[in-house]
Amino acid sequence: MEINEEIKRELLSLAEPEYKKFNSKLIPNIDPDTILGVRIPALRKIASRLKKGEWRAYLEGARDDSFEEILLQGLVISAARMEFPELLERIRGFLPKMDNWAVCDTFCSSMKAAGRYRRELLPWIRQWAASGEAYTIRFAVVMLMDYYMEESDTEEALALLDGIRHEDYYVKMAVAWAISMYYVHFPEIVTGYLRDNSLDDFTYHKALQKITESRRVTAAEKERIRGMKRKKTLD
């Protein structure tokens with residue numbers, strides 16, 4: 001379609017070789033040849049323009065042959081106004097295209113509609129957390145952090161995080177990151193959880209590490225958290 005050819009040409013014109021090298025180091029698990037080197041603010045400008053016009057036509061013929069083109073699709077879905085049934089279908093169609101943390105996390109953080117549809121999305125987040133697909137799980141975890149960071153959400157969020165079983169590094173790191181963020185907001189609740197959980201040792205200790213790295217956690221709390229390391233892994 002003509003709009004997709006125009007977008008491809010625009011992306012190529014915005015590509016920066018040095019930024020491509022930089023991004024390739026940040027996202028080592030994808031083929032560097034699929035990275036053009038377009039900065040995210042430039043992609044957001046394109047998405048903002050598309051959402052005012054032919055965004056459905058763009059998505060219908062969008063290509064998946066570069067990191068930026070896949071990310072742009074996510075940004076368009078995140079920015080465009082639509083009712084919940086369509087949003088859900090577009091999210092479900094996009095999830096299999098995610099194969100790296102950068103697309104996943106940027107898609108989550110950009111999804112303005114998620115604030116309006118928190119309750120409608122929650123049953124699906126539960127399903128995605130149990131999907132078995134690495135970046136679908138990471139999507140669910142990051143969505144919890146971005147849109148369900150209220151005290152009333154914390155107990156269920158921790159239960160969902162505790163039930164995740166996946167060996168992918170980016171899944172484990174997302175779970176650890178989420179637990180640390182819940183700790184920053186609700187330290188007493190999360191402390192209780194840390195004393196009784198089913199996390200594997202790697203994820204558990206990464207969660208403790210991320211808590212102690214936070215500038216929003218006091219020195220006394222950090223010392224207490226360090227004391228919660230599992231002794232069996234220190235032998």
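The values are calculated or read from the model by the stated rules, or taken from the named source; none is laboratory data. Note that the structure is a prediction, hence the values are computed from the model and not measured. Heads up, the Cβs are rebuilt from the backbone with ideal geometry, glycines too, and the neighbour counts pull from every protein chain shown.
The table for this structure:
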item	result
The lone exception for residue 180 - which of (1) surrounded by fewer than 12 Cβ atoms within 10 Å (Cβ to Cβ); (2) under 23 Å from residue 100 (Cβ atoms) it fails	(1)
Some residue of region 72-84 being in contact (Cβ under 8 Å) with a residue 40 or more places away in the chain and touching a helix residue (DSSP H, G or I) at 6+ places or on another chain (Cβ under 7 Å)	yes
Condition check for residue 136: surrounded by 17 or more Cβ atoms within 10 Å (Cβ to Cβ), at pLDDT 95 or above, in the same structural domain as residue 40 (by TED's automatic domain parsing) and under 29 Å from residue 42 (Cβ atoms)	no
Residue in region 200-210 that is of a type in the set (Phe, Trp, Tyr), over 20 Å from residue 146 (Cβ atoms) and under 22 Å from the mean Cα position of the chain (by Cα) present	yes
Residue match in region 144-161 (condition: touching a Pro at 6+ places or on another chain (Cβ under 9 Å), in a helix (DSSP H, G or I) and among the polar types (S, T, N, Q))	no
Cβ-Cβ under 7 Å pairs, at least 6 apart or on other chains, region 164-175 side at pLDDT 95 or above and in a helix (DSSP H, G or I), far side surrounded by 18 or more Cβ atoms within 10 Å (Cβ to Cβ) and not hydrophobic (A, V, I, L, M, F, W, C)	170/138; 171/138; 172/203; 172/206; 173/206; 174/138; 175/203
Yes/no for residue 190 being in a helix (DSSP H, G or I) and either touching a Gly at 6+ places or on another chain (Cβ under 8 Å) or modelled with pLDDT of 95 or more (or both)	yes
Filter result for residue 49 (touching a Leu at 6+ places or on another chain (Cβ under 8 Å) and not polar (S, T, N, Q))	no
Checklist (1) in contact with a helix residue (DSSP H, G or I) (Cβ under 9 Å, 6 or more places away or on another chain); (2) touching a residue at least 24 places away in the same chain (Cβ under 8 Å) applied to residue 140, failing item	(2)
Which listed residue, of 150, 68, 86, is over 23 Å from residue 204 (Cβ atoms), out of contact with any His (no Cβ under 9 Å at 6 or more places or on another chain), among the acidic types (Asp, Glu) and surrounded by fewer than 19 Cβ atoms within 10 Å (Cβ to Cβ)	86
